[in-house]
Every structure is written in C-alpha cells, then in structure tokens.
Amino acid sequence: MLAKGQTVIQLFEEWVPKHITAMPDDKIGLQLGSLQKEISGVLTALDVTEAVVEEAIRIGANLIIAHHAIIFRPLAHLQTDTPAGRLYEKLIKHDIAVYIAHTNLDVAFGGVNDMLAAALGIEVSGHLEDVHTEKLKKLVVFVPESHHEQVLTALFRAGAGWIGNYSHCSFNIAGTGTFLPQEGTNPFVGEPGKLEKVQEVRVETVVPESAERRVVQAMLKAHPYEEVAYDLYPIDLKGRTMGIGRIGKLAEATTLEQFAGHVKTALDVPAVRVVGDLRRDVRKVAVLGGSGGRYVRHAQFAGADVLVTGDIDYHTAHDAVAAGMAIVDAGHNIEKVMKQGVADVLRAKLQERGYTTPVEASTVSTEVFHFL
C-alpha cells in the first residue's frame with residue numbers, strides 16, 4: 001500500500017518538527033508541488049539540481065525530501081529559459097513535489113549533526129547552542145483493565161512518556177470507574193439507563209507539546225469507550241533541550257593531523273582545510289554541518305579542541321589561530337550524510353505502518369568544487 005504525501009510528511013515530522021526547531025526565516029516545508037497524492041517513491045537529497053530531478057524521474061519518485069531549499073526568496077518571475085525556471089518546469093511537468101527540512105533537521109535528535117558525530121566516532125555529550133526546550137503536559141486517562149496495555153502502548157508509540165533520556169514513563173493506579181449511559185448512547189460496557197461500575201486503570205504520563213495532537217489521537221483510537229475520560233494540563237517540568245551543533249569526545253586522543261585524515265575518510269571528502277598546529281592533541285570535538293564560522297567561539301567555550309564544519313573564511317581562521325582553536329573545514333557538502341540517514345529513518349517509519357512506498361537516497365554528487 002502506497003502512502004499519501006501528507007502521511008509521508010506527517011511521519012517525517014514526528015521526527016523532525018517543521019517549525020518548533022527551525023531557525024527564524026528558514027525556508028522549510030513544502031516548496032513545490034502537492035502532497036495530495038499517492039507517493040510512488042521518495043528520493044532524499046542534499047540539493048535539488050537538474051541531475052537529482054533526472055534521478056527522481058528515473059527511479060519513479062514523485063517526492064524529493066531535500067536539505068537545501070530550491071526557493072530562497074520571493075520569485076519575481078518564473079521564466080523557463082533560466083536555470084531555476086527550467087528546474088521548476090521539469091519538477092512540475094513530472095509532478096514531483098519538493099519538501100525541505102533544513103535547520104530543523106540540523107537540530108533534530110538523530111538529525112544531520114548527530115549523523116556527522118556518529119560518522120566521526122564522537123560520543124555526544126551536548127550541543128553548541130540551545131535552540132528550543134520542549135514544554136511538557138501531563139496526560140491522565142482512565143482505561144478499562146482489558147485495554148490498559150493497548151492504550152499504554154499507543155501512547156508511547158505516539159511519543160508520550162519521555163522524561164530526559166528515559167522513555168515509557170508512566171504511573172498506573174487501579175480503581176473503580178462509574179458512569180450512567182444516557183438514552184441514545186452506545187456504551188462499550190453496560191446499557192443505557194443503568195449505573196455501571198468498571199475496574200479501570202488511571203494512567204498518567206507526560207506529553208511533549210509538539211506531540212500533543214498525535215498522542216491524543218492515538219489514545220482515542222486505541223481506547224474502547226465511546227466517550228473517553230481524560231485530562232491534559234501544563235506542568236512546570238521541562239522536556240528535552242534541543243540545540244545546534246554537537247560536542248563530545250573521541251574514544252582516544254589523537255593529533256590534529258591524524259584526526260583531519262580521519263575526517264576526510266569518514267565523511268568521504270576529497271580534501272579538508274586545517275587550521276591550527278597539526279601536532280596538537282585533540283580529544284574533545286565539536287561538529288556542525290554547513291557554514292559554521294559563527295560557532296567557533298561556541299565550540300571553544302564548550303571546551304572543544306577542534307571544530308569540524310564547513311565554509312570557514314580567511315579572517316575567522318586567523319581569529320581561531322589567535323585564540324588557540326583548531327578547525328577542520330571539510331566543506332559544506334559533508335551534510336550529504338543526511339541522504340542515507342533520512343532515507344533509513346523514513347523507510348523504517350513507513351514500513352512500521354504497513355506502507356510500501358520506496359525511499360531511496362540520492363546517489364548524485366552535488367559538490368560544486370573541484371579539488372586539483
């Protein structure tokens with residue numbers, strides 16, 4: 001069974017919420033086409049170029065999920081004899097939708113920066129800058145004993161029950177529920193006009209505000225009652241804090257020169273630029289996909305020996321040397337790690353729900369630089 005476009009994106013946004021963690025004015029979400037259709041295939045890509053679109057056509061994908069936007073600013077015109085116009089025309093003619101996940105994918109747990117850290121063998125302990133702290137709510141629902149586990153499983157699967165790094169958190173108290181079905185009702189237990197007493201379980205759990213709608217819908221679907229008794233209210237307890245960049249330690253110290261070679265191999269890049277004394281020891285590493293020049297001080301303040309990022313300019317490099325900070329500039333294209341990472345996560349989510357929509361990672365290189 002193929003998934004609808006809205007379903008694909010709903011599952012994706014369970015992992016990467018669209019607006020909660022994205023930077024202000026970031027160009028994310030559906031940029032071209034429609035999601036009101038069956039998705040014959042999904043192609044994950046770093047950039048949307050003509051070669052990537054040709055790849056999507058070749059494999060039969062009608063949805064591209066990319067990291068970098070194809071529309072950065074309002075269009076003054078749509079002339080199909082320009083490079084951008086030709087690209088949009090080809091996408092529209094072949095009914096291919098383009099959905100963008102940028103800084104929200106950078107920030108997300110398991111997103112671009114976690115993928116980069118994993119590829120480099122960094123044991124992550126934090127991030128470089130806070131972006132968002134989840135607000136939590138307390139959900140209380142009364143469930144007949146016969147459906148207790150069913151409802152609990154649905155709640156956890158929808159994203160409830162997280163406190164810090166602990167999942168499946170809940171409190172369950174057995175008791176007696178009473179209700180009197182009125183005329184015109186169709187009760188799961190009992191009959192209209194007769195007071196019923198049922199052995200129920202009071203379930204309490206926490207719900208991230210971003211998952212509230214999804215959790216409530218899952219609860220209502222799993223619950224057997226015609227009218228579900230539940231409460232949802234805000235609490236002072238804070239949820240997980242999400243942030244940009246990652247910092248952590250390598251399994252063992254190495255020299256900057258050796259580490260730079262490791263970055264080159266692990267991230268599959270033809271060359272890296274290195275700032276700092278090649279003989280210095282490095283153990284604590286910060287990593288930030290994309291252009292990380294403005295986060296050099298964040299990395300140093302966090303105690304990093306070296307920052308792995310891209311697009312470092314000449315003067316920022318000089319400032320880093322003066323401050324005693326090392327940098328490995330592996331280029332902006334290291335974010336290509338998201339292609340396979342996103343494909344794997346989305347494919348698993350679709351298969352878990354019984355969908356057969358194929359998800360493939362683009363094999364097209366969108367690196368624009370040649371290294372001679």
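Values in this text are rule-based calculations from the coordinates and carry no lab data. Everything numeric here is computed off the predicted structure, so don't read it as measured data. Positions of Cβ are backbone-derived with ideal geometry, glycine not excepted, and every protein chain shown enters the neighbour counts.
Across the range 16-57, the number of residues qualifying as surrounded by fewer than 18 Cβ atoms within 10 Å (Cβ to Cβ) and either hydroxyl-bearing (S, T, Y) or in a helix (DSSP H, G or I) (or both) comes to 6.
Does G289 satisfy the condition of being in contact with a strand residue (DSSP E or B) (Cβ under 6 Å, 6 or more places away or on another chain) and surrounded by 15 or more Cβ atoms within 10 Å (Cβ to Cβ)? No: the conditions fail for G289. Could you list, in sequence order, the residues of the range 316-366 that are free of Cβ contacts under 8 Å to residues at least 60 places away in the same chain and assigned to a loop (DSSP other than H, G, I, E, B)? G324, M325, S365, listed by residue number.
Against the conditions (1) touching a residue at least 40 places away in the same chain (Cβ under 8 Å); (2) closer than 23 Å to G161 by Cα; (3) out of contact with any strand residue (DSSP E or B) (no Cβ under 7 Å at 6 or more places or on another chain), L220 satisfies every one except (1).
Applying the selection to the range 241-282, what residues are assigned to a loop (DSSP other than H, G, I, E, B), in contact with a Leu (Cβ under 9 Å, 6 or more places away or on another chain) and buried (at least 16 other Cβ atoms within 10 Å of the Cβ)? Break it down stepwise before answering.
Just the residues of the range 241-282 that are assigned to a loop (DSSP other than H, G, I, E, B), to begin with: 245, 267-272, 276-280.
Checking the rest, the ones that are also in contact with a Leu (Cβ under 9 Å, 6 or more places away or on another chain) come to 245, 267, 276-280.
Within the range 241-282, G245, L267, G276 qualify.
When you look at E212, is it of a type in the set (D, E, K, R) and either part of a helix (DSSP H, G or I) or within 30 Å of H132 (Cβ to Cβ) (or both), yes or no? Yes. Quickly run through the range 223-234 and pick out the residues that are in contact with a strand residue (DSSP E or B) (Cβ under 7 Å, 6 or more places away or on another chain) and surrounded by 12 or more Cβ atoms within 10 Å (Cβ to Cβ). The answer is H223, P224, V228, A229, Y230, L232. Output the residues belonging to the range 196-217 that are in contact with a strand residue (DSSP E or B) (Cβ under 8 Å, 6 or more places away or on another chain) and within 14 Å of A154 (Cα to Cα). Within the range 196-217, V203, E204, T205, V206, V207, E212, V215, V216 meet the criteria.
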